[in-house]
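**Q** Handing you this structure, nothing more for now.
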Amino acid sequence: MERTLYDLAPATRWVGRRMDIHDEVDSTNLIAETLAGLGVPEGTLVVADRQTAGRGRMGRSFFSPGGSSIYMSLVLRPDCRAEDLHMHVFAAAVAVAETAAPLLSDGAVEIKWPNDVLLGGRKTSGINLPARLNGQGVEFAVLGIGVNINTQLADFPPELHEIATSLRIASGREIDRIGFAEALLARLEQEIERMRSEGFKSVLDCWRRYFRMAGARVRIGGPGVSEIVEGVVQGIDEQGALLLSVGSGSRVRIERIIAGDVTLLRSEG
Ligand code: BTN
């Protein structure tokens, strides 16, 4: 018999040690934030089959139909400075990319800075990290991950047809959704532990293998970004900030971008 979300049994030590599984919620992030505020331990995982108000970055919504994908939120209590919290998002993007890659042809998986996982240039996974800060530190954070797994093109609303995809659309075959979620959780635990023991560089080295934007001309904007910046992607620095060369001729300078949405304009050269 086909396994359901309620059969999820990740081979992990602390990620998903306690699980809160639902058929339908407004947002797994909201539930996880409430639980975290009540004091549940790090590793508590909220999972849902469908979200009625899935939350994306920068106040956007995240399309979350039922029966085909995975929506989950992991409670974290990292012992780090608030300014270093974003590193967990890079670890999560690596975990999604590494779990997806063996299911697809070589080079099919790409990470769009900072944390969208793309297949064929279209988004298959989104990640966010709402947090409650405590001065310069972190009281808790909620790592929200949504992955479009068996979604069919017709399931997406027309406005997403050109920008969204799923593992099924990209691979041409149905994916074991529960198996994927279990593999992802195991990988996520591994990446977070590696980052905490070996440092952010170990995650970034892996993240860079999926980053193909160097040389692309892009625009950075989005809700909450006060100034729109255009430039050519040079790479990312050791903190994960995007480095853009901006301006022309003798007035070229490098801008360091720490937040924003990236729109691809055209490739240079
Ligand atoms: C983005 O791409 O803007 C981030 C999307 C994050 C979506 C996930 S789905 C599980 C969790 N619950 C939410 O409401 N959002 C995150």
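Rule-based calculations on the coordinates, nothing more; no lab input. Every value quoted in this text rests on a predicted model; they were computed, and no experiment measured them. Neighbour counts are summed over all protein chains in view; Cβ atoms, including those assigned to glycine, are modelled from backbone coordinates with ideal geometry.
**Q** Quick one: length gained pulling Ala9 to Met58 fully straight, 0.36 nm per residue minus the C-alpha distance?
**A** On the way: separation 49, 0.36 × 49 = 17.64 nm, distance 3.21 nm.
14.4 nm is the gain from fully extending Ala9 to Met58.
**Q** Okay, next question. Assign unit charges at the C-beta atoms only (+1 for Lys and Arg, -1 for Asp and Glu), then state the dipole size of the range 1-103 relative to its Cα centre in Debye, rounded to the nearest 20. Before the final figure, lay out the partial values.
**A** Values: 10 positive and 13 negative charges, 30 e Å.
Magnitude of the dipole: close to 140 debye.
**Q** Sticking with this one: Between Ser226 and Thr34, what's the calculated FRET efficiency when r is the beta-carbon distance and R0 is 35 Å? Round to 0.05. If you can, show how the numbers build up before the last one.
**A** On the way: r = 31 Å, r/R0 = 0.90.
In this case the efficiency is close to 0.65.
**Q** Another question, then. Report, in degrees rounded to the nearest 10, the 0 to 90 angle that the Cα long axis of helix 177-198 makes with the longest principal axis of the chain.
**A** 60 degrees
**Q** Let me ask you something else. So, R0 is 25 Å and r is the distance between the beta-carbons of Lys201 and Asp106; what FRET efficiency does that work out to, to 0.05? Before the final figure, lay out the partial values.
**A** Numbers: r = 25 Å, r/R0 = 1.00.
The computed FRET efficiency comes out at 0.50.
**Q** What is the calculated FRET efficiency for Arg253 to Ile163, with r their C-beta to C-beta distance and R₀ = 22 Å, to the nearest 0.05?
**A** Values: r = 31 Å, r/R0 = 1.41.
Once rounded, the FRET efficiency stands at 0.10.
**Q** How tilted is helix 87-100 with respect to the longest principal axis of the chain? Cα atoms for both, answer in degrees (0 to 90, nearest 10).
**A** It is inclined by approximately 70 degrees.
**Q** To the nearest µm²/s, what D does Stokes-Einstein give for the chain at 20 °C and 1.002 mPa s, using the Kirkwood radius over alpha carbon pairs as Rh? Don't skip to the answer; put the middle values down first.
**A** Working: Rh = 19.0 Å.
Calculated translational D: 113 µm²/s.
**Q** What does the charge dipole of the range 5-208 about its Cα centre add up to, to the nearest 20 debye, if the Cβ of each Lys and Arg holds +1 and the Cβ of each Asp and Glu holds -1? List each step's numbers first, then the result.
**A** Numbers: 21 positive and 27 negative charges, 57 e Å.
Around 280 debye, computed over the range 5-208.
**Q** Can I ask one more? In whole Hz and in residue order, list the ³J(HN,Hα) couplings for the range 231-248 that follow from phi through the Karplus curve 6.51 cos²θ - 1.76 cosθ + 1.60, θ = phi - 60°; x for Gly and Pro.
**A** x, 10, 5, 9, x, 10, 8, 6, 9, x, 6, 7, 9, 10, 8, 10, x, 9
**Q** Which three extents, in whole angstrom, do the alpha-carbon atoms of the range 154-266 cover along their principal axes, largest first?
**A** 54, 44, 25
**Q** Any chance you could give the angle, 0 to 90 degrees and rounded to 10, that helix 28-38 forms with the longest Cα principal axis of the chain?
**A** 70 degrees
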